[in-house]
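The values are calculated or read from the model by the stated rules, or taken from the named source; none is laboratory data. Predicted model, so just to flag it, every value in this text is computed and none were measured. All Cβ positions, glycine included, derive from the backbone under ideal geometry; neighbour counts span all protein chains shown. Quick note on the areas: whole protein, heavy atoms, side chains included, nothing else; ligands and nucleic acids left out. Shrake-Rupley method; radii C 1.70, N 1.55, O 1.52, S 1.80 Å.
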Amino acid sequence: SSRLTFSSQGPRERPIVMIHGWAGGPEIWDPLLKQRAVQTLFPSFRHVTSPEEFVPRVLERLPDEPVWVYAWSLGAMLAIEAALARPQFVRGLILFGGTGKFVDADRKLGWPERAMHRMQERMRHNRQAVVLGFRKQMFAPGEEAALARWNEAVPLDDAAEFSIPALNAGLEYLLQTDLTDRLPQLACPVV
């Protein structure tokens, strides 16, 4: 078994790319970034209006050298797509809550499609309630302090990177994207 190393490969440290999930922002990575200073590149999903716009936003942030990509949830799916599209620029993937397919009829394997459609419908009337409800489901009982830290880092009023059209585009991306058949094609290490 090979070991993954995160040390630099020369006189300077390579940048890393960090991709947040749905209704998140770059602030979710702050606890990891406090550990050391490193050049960090974040794709912006501001003004996205369709699911097809997400992957190009990620590809724009890949430098012309192999980098590690850290990604969470929706961002993990986008990182997989980026690694498949430009394998020469993705050294490896560090995925948090990553999956090849977000929705599934079996609740143990993914979110039910009907729940996603309900979120889309409710988004028109109360964006904050939808985002808060989603955030609450990300944490297990007893993890209320972690949820509070997240809500403090990325206030509900801000959900900085996601306008209502971007939130809806993100839900649509999660509904329609299935990368499971493409996962074996990944050429880089994945953690």
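So here's what we get for this one:
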quantity	calculated
Check: the range 98-184 dipole with +1 on Lys, Arg Cβ and -1 on Asp, Glu Cβ, in debye	220
Additional length obtainable on full extension of the chain from A187 to Q128, 0.36 nm per residue less Cα span	17.3 nm
The chain - Rg and Dmax from Cα coordinates, angstrom	16.6, 53
Alpha-carbon gyration tensor eigenvalues x 5, square-rooted, for the range 75-162, Å	25, 18, 15
Protein accessible area in the chain, 1.4 Å probe - carbon and sulfur %	51
Per DSSP, loop GluC sites (Glu not before Pro) in the range 72-168 with at most 16 further Cβ within 10 Å	E143
Separation in nanometres of the label points that stand 7 Å from Cα toward Cβ, at N151 and D178	3.6
Solvent-accessible area per residue for the chain (1.4 angstrom probe, square angstrom)	53
Stretch gain in nm, segment K136-H47, where the contour uses 0.36 nm per residue and the Cα spacing is subtracted	29.5 nm
Along the chain, longest interval not containing exposed trypsin sites (Lys or Arg not before Pro), exposed being DSSP loop plus at most 10 other Cβ atoms within 10 Å	37-106
Estimated FRET transfer efficiency when R0 is 25 angstrom, pair T40-I164 (beta carbons, to 0.05)	0.35
